[in-house]
1. Quick one: count up the residues across segment 67-86 that are closer than 14 Å to Leu35 by Cβ and surrounded by fewer than 14 Cβ atoms within 10 Å (Cβ to Cβ).
2. Need the failing condition index for Arg60 against (1) touching a residue at least 24 places away in the same chain (Cβ under 8 Å); (2) farther than 20 Å from Val84 by Cβ; (3) of a type in the set (Lys, Arg), just the number.
3. Pairs needed: first member in segment 63-75, within 17 Å of Val11 (Cβ to Cβ); second member anywhere, of a type in the set (Gly, Ala, Ser) and assigned to a strand (DSSP E or B); C-beta distance under 7 Å; at least 6 residues apart or different chains.
4. Which ones in segment 33-66 are surrounded by 14 or more Cβ atoms within 10 Å (Cβ to Cβ), under 22 Å from Arg22 (Cβ atoms) and among the polar types (S, T, N, Q)?
5. Looking at segment 12-50, which of its residues are in a loop (DSSP other than H, G, I, E, B), touching a residue at least 12 places away in the same chain (Cβ under 8 Å) and under 21 Å from Asn62 (Cβ atoms)?
Amino acid sequence: MSNQINNESTVPVIDVRTIIPRERHPLIFQTFDNLDEGQAFMIVNDHEPKPLYYQFLHERENQFTWEYLEEGPETWRVRIGKRVGA
């Protein structure tokens, strides 16, 4: 359990709750595109980020990993990583 917490604390965190809605997805995709293979970051949101997941499926198919770390009801945390070989 402590390893998971340590891994989570070493990745950059984007708290999108503090970002203007129209700027959220572009920032998230820019952050993803700047990752090296095998790296990840975490987003924190106040709602289920399912539309973002579907956008990743469409625009970065087979290039990303998506791991829910917390699933509401008030806070969602998702670890998004760049696959090796992507």
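1. Of the residues in that region, 3 qualify.
2. Every condition holds for Arg60 apart from (2).
3. The qualifying pairs are Phe64/Gly81; Thr65/Gly81.
4. Asn45, Gln55
5. Leu35, Asp36, Glu37, Gly38, Gln39, Pro49
Residue by residue, here is whether (1) of a type in the set (Ser, Thr, Tyr); (2) within 13 Å of Gly81 (Cβ to Cβ); (3) at pLDDT below 95 holds:
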site	(1), (2), (3)
Ile5	no, no, yes
Val11	no, yes, yes
Ile19	no, no, no
His25	no, no, no
Gln30	no, no, no
Val44	no, no, no
Glu48	no, no, no
Leu52	no, no, no
Phe56	no, yes, no
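The values are calculated or read from the model by the stated rules, or taken from the named source; none is laboratory data. Bear in mind that the values here come from a model prediction, so they are computed numbers and not experimental data. Here the Cβ is made from the backbone with ideal geometry for all residues, glycine too, and neighbour counts use every protein chain on show.
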